[in-house]
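A.B. asks: Structure in structure tokens, see below.
The values are calculated or read from the model by the stated rules, or taken from the named source; none is laboratory data. None of these values were measured; they are calculated from a predicted model. Methodologically, a virtual Cβ is constructed for each residue, glycine included, from the backbone with ideal geometry; neighbour enumeration extends over all protein chains shown.
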Amino acid sequence: MRYPFLNSIDANSELMPQIEEAVLRVVRSGRYVGGGEVEAFERSLAQHCHVPHVVGVSNGLDALRLIFRGLILQGKLREGDEVIVPANTYIASVLAVIDAGLTPVFAEPSTETLNLDTSRLDEYLTPRTRALLTVHLYGRACYDESLRNFASRHQLILVEDNAQAIGAEAPVAGQSGYAVTGGLGDAAAFSFYPTKNIGAMGDAGAVATCDPELASIVRALANYGSDRRYHNIYVGYNCRLDPIQAAVLSVKLSAIESANGHRARLADIYLDKIDNPELLLPTKPTVGRHVWHQFVLLADDRDRFRDYLTEHEVGTDVHYATPPHRQPSLRQYSGLQLPVTDSIASRCVSLPITASTTEADAAAIARIINAYHG
Ligand SMILES: *Cc1c(COP(=O)(O)O)cnc(C)c1O
């Protein structure tokens, strides 16, 4: 494939010497769980998203699970409470809600943003609605005035699934600026799965919050429920961030601006150059900052479009062909009417947009796409 969708080695090649040095440093340190590498990364991430507390954890799903369990232990949520979740998301967002004994209520996306349709949130409100899980899907912040007003009017807990949007920015009420995702609500979950905008060399994640009590509950829960050595106050888990991953992530985080900047330039080339009436391109937010975890367009005959691109050596992927409510594991939700979600799932195609995709590649891919007739 001349234009691969993703090549993990090439995508890391620029930082590889520093990554190898960081890994070797941990191997030689003898400290293989916890310690200074984890603490240093937690501090850097806290600084990056302007939140006082960050807890490094094992992965993004665990970050979400720990947040919801923590909110229950705080008494802010109770089992059976309803959490509004976007129907167009990766299934992990929903699994965490169910795992905590909460009830997900699936909300339709907007075809323009592919995120929650924030003008329709009232449709999903019931007397049991207690929280809203906003997912900044594909790198686009989902946090506008309607969402903020809705959450504050109904006193909802706001949790962010920031797995795909580290470094994205959203306008903030009453302030003359923007805030990065991860510090917008009561707590945020990050994933550093290798393909994410900051990828570890394996699984990793983090929880960010302004609430010191929630931070210490999450930290304890992730460490067998232990607040100090051999003293267990919760029925916890082992969901810690590994120091090797933390050391890699510190290297990656130091280069986040250039990594996200590169994605934004590729997206601008696609948006500027792709001109094919058979395809619906994603939109760029008029305010805030999109970090383009994926560049997702909609094609009516997706299979044909993907076959055409494969023939022209352009790798593509689909995020996601089967929405959570259509998965066998969640068949209790299969009767829901979510036509916008289904329609996006049947038409979405993701183009290459990684560190190893060059600007010339993006221009060439745009030319190939412009010559497509469905
Ligand atoms: C990747 C992802 C997760 C899960 O993160 P893992 O680290 O893979 O467990 C959760 N939500 C969204 C939106 C994701 O993209």
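A.B. asks: For region 18-65, which residues satisfy the criterion of being outside any helix (DSSP H, G or I), of a type in the set (Gly, Ala, Ser) and more than 20 Å from GLU213 (Cβ to Cβ)?
C.D. replies: GLY30, GLY34, GLY35, SER58
Here's the yes/no breakdown for (1) modelled with pLDDT of 95 or more; (2) closer than 18 Å to LEU95 by Cα; (3) out of contact with any Phe, Trp or Tyr (no Cβ under 7 Å at 6 or more places or on another chain):
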residue	(1), (2), (3)
LEU114	yes, no, no
SER119	yes, no, yes
THR126	yes, no, yes
THR129	yes, yes, yes
LEU137	yes, yes, yes
LEU147	yes, no, yes
PHE150	yes, no, yes
GLN155	yes, no, yes
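Conditions tested, residue by residue: (1) within 15 Å of the ligand (Cβ to nearest atom); (2) over 22 Å from TYR193 (Cβ atoms); (3) part of a loop (DSSP other than H, G, I, E, B).
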position	(1), (2), (3)
ILE98	yes, no, no
GLU112	no, yes, yes
LEU147	no, yes, no
LEU158	no, yes, no
GLY174	no, yes, yes
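A.B. asks: Filter region 53-97 for residues that are β-branched (Val, Ile, Thr) and touching a residue at least 40 places away in the same chain (Cβ under 8 Å) and give the result.
C.D. replies: Result: VAL54, VAL55, VAL57, ILE67, VAL83, ILE84, VAL85, THR89, ILE91, VAL94.
A.B. asks: Another one. With the condition kept exactly as written, say whether any residue in region 322-336 is within 17 Å of MET1 (Cα to Cα), outside any loop (DSSP other than H, G, I, E, B) and touching a strand residue (DSSP E or B) at 6+ places or on another chain (Cβ under 7 Å).
C.D. replies: no
One line per residue, one yes/no per condition, for (1) out of contact with any Ser or Thr (no Cβ under 9 Å at 6 or more places or on another chain); (2) surrounded by 19 or more Cβ atoms within 10 Å (Cβ to Cβ); (3) at pLDDT below 95; (4) among the small types (Gly, Ala, Ser):
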| position | (1), (2), (3), (4) |
| --- | --- |
| THR310 | no, no, no, no |
| VAL314 | yes, yes, no, no |
| THR322 | yes, no, no, no |
| GLN327 | no, no, no, no |
| PRO352 | no, yes, no, no |
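A.B. asks: Going residue by residue through region 68-78, is there one that turns out to be part of a helix (DSSP H, G or I) and within 16 Å of the ligand (Cβ to nearest atom)?
C.D. replies: yes
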